[in-house]
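Each remark here refers to the structure printed beneath this line.
Values quoted throughout were computed directly from the atomic coordinates according to the rules given, and no laboratory measurement underlies them. These figures come from a predicted structure and were not determined experimentally. Here the Cβ is made from the backbone with ideal geometry for all residues, glycine too, and neighbour counts use every protein chain on show.
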Amino acid sequence: MAFRVVHYINQFYAGIGGEEKADYMPEIREGVVGPGMAFKGAFKGGAEIVATVICGDSYFASNMDEATAKILDMIREYKPDAFIAGPAFNAGRYGTACGAMCAAVSKEFNIPVISGMYPENPGVEMYKKYAWIIETPDSAAGMRKAVPAMAKLALKLLKGEAIGKPSDEGYIERGIRKNMFYEKLAAERCVDMFVAKLKGEAFETEYKMPVFDRVDPQPAVKDMKHAVIALVTSGGICPKGNPDHIEASSASKFGEYDITGVNDLTSETHCTAHGGYDATYADQNADRVLPVDVMRDLEREGVIGKLHNKFYATVGNGTSVANAKKFGAEIVKRLVADGVTAVILTST
Amino acid sequence: MKLELHRLSIKSLKFGDNTGFKDGTLTVNKAELLEMISEDPLLGKNIDVDIAMPGEKTRIIPVKDVIEPRWKIEGSGQVFPGMVSDVETVGEGKTLVLSGCAVLTAGKIVRFQEGIIDMSGPGADYTPYSKTCNVVLVLEPSDPNMDKHDYEKACRIAGLKAAAYLAKSCAEADSESEIETYEYADIKTGMNSLPELPKVGYLYMLQTQGLLHDTYLYGVDVKRILPTIISPLEVMDGAIVSGNCVSACDKNSTYSHQNNPVIADMLKRHGKDFNFVACIVTNENVTLADKRRSSSYATKLAHMLGLDGIVITEEGFGNPDADLIMNCWKAERYGIKTALLTDEYAGQDGASQSLADSCPEGNACVTAGNANEVIHLPAMEKVIGYAEEANVIAGGWNGSLSEDGSITVELQAITGSTSELGYTKLGAYTL
Amino acid sequence: MVKEIERELPVVHMCTIVPISQTVGANRIIPTIAIPHPLGDPSKTPEEEKALRRKLVERALKALQTEITEQTVFTE
């Protein structure tokens, strides 16, 4: 039996109209519409487009949440095994809609999602982590090239076959690291690469060094005497016994702990959940990582207005940047809501 | 320097009256081995020796270290110098090796810093130590509240003693061994030979972050050394010993030091692709001043030796990434070309940055895979050690151990899975 | 984590491995003692240790009160 595919296209490719029809509300039709015909040919019976979603680009862009929810509902009853959106070529709003729908469908139904875009389409940067996006030319003239590549990748994904490197499969690099067993030991691969570099021959690094983004500094605190300062740490400090079971490594969560009336962290009250360093010192005296004792002194002396009555802790050890980012964003939301002025973040 | 490794190929293990080798079988006198280990007052009565063979439905958890049994039958010094033997220089003469055999030490030392070894099933593919015939020491301290540092030391010494004892007991079978010969010239001779080839070295980074994250060189705690030079042959005699309690996947076991695959490959290519002049050992300490000093000193040594290139291997992850990066760019600024060997922490979904630090000079980087990738390990018929440790081990979480005995963890929890000495075939690529 | 906080509130990062903090992109950075005890030193007496911690925290407060336009490591 052929795999079931739902296809997403915009009003233009559905033949409804151009810019003047871009506010077209989402609709689902059984079977193939527009470019779906080309997919039908490319699937050679291995998969079948059971339904096609049509949505105006402007409508999607201005009602993203609503449109997404509505389309997910429409798709559900067709029980798709995969979802294909576009190709969108270099159409920005269309690409963004394709990417957003791929991300939503992948999250909701956990099925393969495939789109096709020109690398400069803004949808690529926004959604490449969430979808397989085949690299296409910049206009619909590239349809004959895009469709077979998208169909081929879709079939591979549907059959659960291993997906090769972006250059082999024709998709845009998603930035997702995937393990594989190579033919040679890592040591031998490293010496091979070393020899190539020594000789000035071409070589391909196995990992491109990351470039980290930047955030502008916030203005300075003007009135420290009335400021509320919060303590945050990636050093894993928590009440003794680690009640939230924060992992020793690759933390999946952070803890929020009340320190109202606490003047000092002691080996009786607090410890560290961190697994990346010798915990002896922090377990003996957690102030060595989270300086509650000194902050209380400074509060009493009026140097700072107040030490915030909650501290936040997670374990930085082996914790992914994505999780750390999520924790940071959630913690700062709570700190702002609580009227905190500034933050001291300690790391081990 | 010339070192012969006399390899006795171990195909099976059994307990018996006399420890020794016959027809591919290593017989272990359990009582004798236990008695020798329990001489240490730090270890309690509750210690045991077990056997785990490749292909068996056996899980060993929590594993501290893996050691290959070796014993010097000729030449100065003895294996594991400064640890269980005198401090005399090693790396010359003849060393008996029980190939295909390993001693594993297991115990709840730092709990989250020990690892899992499955002898069969999907987990076995990820650890080199599923393919060795393993003599497992399960070690409990004499006092349950014993200081962890004392307990770690007791386990470390017990493993080394057992490894030396097993190989020593097979010395009579030396005539059956296969001989591999390694030669290493002094630096003056080495420098003058092979003038047409680039002179290269190996910068060997060792984890030394603190009392329980330590490595020893001739018995010296490596965090106290300035970077120094060592011959690759000394390493084969156990000059470098792991005392590490860090994530299981990328702590370099003593076994992987003894069999360092980077050294093996560089020796193989010496005289063909380059002139392998020296190994430089350096540390990964906890203060920035130490990191700066060691990276400056290690790369300065490479510069003083006139090296054209170095291979750099890291141990561990996180802040040691900063050591790796400093070693890389400082060497490159001397005009010394580098290739790096590390592993990755890209998140369970692989979508995050893999390293904590980076530099543009690190353009030749090999990785032993993403340690955060999750694996499901089906239940085994036999567990040596304590299965419940899966819930606290680095790479596991509360609930990693299911009721049916299966375990879901990150590769991080599997001993040697992302070895940064490159002792596995695992790697990663970008989707 | 530090960058997400900086999007909303001024934050000072107290850490030992300054190069990582710089690479990752913290703006106000205070170098600390050592990884296992950034704000302590077990070799000192409890009183000396607390004085040391106070000095570092005061430096952090000073950093928070200093206008900056680029990454700055505060060493005094």
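Rounded to the nearest angstrom and listed largest first, the equivalent-ellipsoid semi-axes of the protein assembly as shown from its Cα gyration tensor are 47, 36, 27. Less than 5 angstrom separates the built amide H of residue B:426 from those of A:182, A:186, all sequence-distant by 5 or more or on a different chain.
Pairs exceeding 19 Å between alpha-carbon atoms, taken from A:152/B:425; B:2/B:161; A:199/B:272; A:129/A:333: A:152/B:425; B:2/B:161; A:129/A:333. Cβ crowding within 10 Å, taken as a proxy for footprinting-reagent exposure, orders B:400, A:167 from fewest neighbours to most as A:167, B:400. Amide hydrogen proximity for residue B:133: with H placed 1.01 Å from N in the peptide plane, the residues at 5 or more positions away or on another chain lying under 5 Å are B:101, B:102.
Restricting the trypsin sites (Lys or Arg not before Pro) of the range B:117-183 to loop positions (DSSP other than H, G, I, E, B) with no more than 14 neighbouring Cβ atoms within 10 Å leaves B:131. Fraction of C-alpha pairs exceeding 29 angstrom in chain B: 43 percent, rounded to a whole number.
Values of log10 I(q)/I(0) for the range A:62-215 across q = 0.16, 0.21 Å⁻¹ run -0.95, -1.30, by the Debye formula with one identical scatterer at each alpha carbon and no solvent. Here the residues B:110, A:232, ranked from fewest to most Cβ neighbours within 10 Å of their Cβ, fall in the order B:110, A:232.
Take every Cα pair under 8 Å in chain B that's 6+ residues apart, average their separations, divide by the length, and report that relative contact order as a whole percent.
On the way: 1119 pairs, mean separation 81.3, N = 431.
Dividing the mean separation by the residue count of chain B yields 19 percent.
The residues neighbouring residue B:370, those whose beta-carbon lies less than 11 Å from its own, together hold a net charge of -3 under the Lys/Arg +1, Asp/Glu -1 convention.
FRET efficiency for the pair residue B:45 and residue A:269, taken as 1/(1 + (r/R0)^6) with r the Cβ-Cβ distance and R0 = 35 Å, rounds to 0.50.
Amide H to amide H, with H built 1.01 Å from N, residue A:136 comes under 5 Å of A:117, A:118, counting only residues 5 or more places away or on other chains. Taken about its Cα centre, the range C:2-73 carries a charge dipole of about 100 debye when Lys and Arg each add +1 at the Cβ and Asp and Glu each add -1 at the Cβ.
Stokes-Einstein diffusion of the range A:78-151 at 20 °C, 1.002 mPa s viscosity, Kirkwood radius from Cα pairs, rounded to a whole number: 182 µm²/s. In the range A:204-348, taking the dipole from charged Cβ atoms about the Cα centre, the farthest positive-side position among A:241, A:291, A:308 is held by A:308.
Stick to Cα atoms and the Kirkwood definition of Rh, then tell me Rg/Rh for the range A:224-346. Could the numbers behind the result be given before it?
Values: Rg = 13.9 Å, Rh = 14.5 Å.
With Rh from the inverse mean 1/r over Cα pairs, Rg/Rh is 0.96.
Over the protein assembly as shown, DSSP H runs of length four or greater, each weighted -39,500 (n - 2.57), average out per residue to a 222 nm ellipticity of -8000 deg cm²/dmol.
Mean-square fluctuations from a GNM of chain B, with a 10 angstrom spring cutoff on Cα atoms, peak among B:145, B:370, B:260 at B:145. For the range B:289-310 and the range C:1-38, what is the centre-to-centre distance using only Cα atoms, to the nearest Å? Value for the Cα centre distance between the two parts: 27 Å.
Hey, can you list the DSSP H helices of chain A whose Cα span along the axis is 15 Å or longer and whose average Kyte-Doolittle score is at least 0.0? If you can, show how the numbers build up before the last one.
Working: long enough: A:64-76 (18 Å, 0.05); A:92-109 (25 Å, 0.29); A:143-158 (22 Å, 0.79); A:186-199 (20 Å, 0.39); A:321-337 (24 Å, 0.43).
For chain A, where a helix must reach 15 Å along its axis and average at least 0.0, the hits are A:64-76, A:92-109, A:143-158, A:186-199, A:321-337.
Taking 0.36 nm per residue of separation and subtracting the current Cα-Cα distance, fully stretching the chain between residue B:180 and residue B:386 would add 70.3 nm. Note that the range B:21-26 has calculated 3J(HN,Hα) couplings of 10, 8, 6, x, 10, 9 Hz, one per residue in order, obtained from phi through the Karplus relation 6.51 cos²θ - 1.76 cosθ + 1.60 (θ = phi - 60°); glycine and proline are x. Near residue B:216, within a Cβ-to-Cβ distance under 11 Å, what is the net charge of the other residues, with Lys and Arg +1 and Asp and Glu -1? So the surrounding residues net to +2.
In order along the range B:188-203, the phi-based Karplus estimate (6.51 cos²θ - 1.76 cosθ + 1.60, θ = phi - 60°) of 3J(HN,Hα) comes to 4, 5, x, 5, 7, 7, 6, x, 7, 9, x, 8, 10, x, 10, 9 Hz; Gly and Pro are listed as x. With R₀ set to 22 Å, the beta-carbon distance separating residue A:330 from residue B:349 gives a calculated FRET efficiency near 0.75.
With R₀ fixed at 30 Å, the C-beta to C-beta distance from residue A:1 to residue A:139 puts the FRET efficiency at about 0.25. Take A:136-149, C:14-27, B:262-275, B:329-342 and order them by the average number of nearby Cβ atoms within 10 Å per residue, most first; the result is C:14-27, B:329-342, B:262-275, A:136-149. For chain C, the longest principal axis of the Cα atoms and the long axis of helix C:46-64 meet at an angle of about 10 degrees. The string of couplings for the range B:46-55 from the Karplus curve (6.51, -1.76, 1.60, θ = phi - 60°) is 7, 10, 8, 10, 9, 10, 9, 10, x, x Hz, one whole number per residue in order, with x for Gly and Pro.
Where the centroid of each part is defined by its Cα atoms, how far is the range A:7-56 from the range A:141-180 in Å? One Cα centre to the other: 21 Å.
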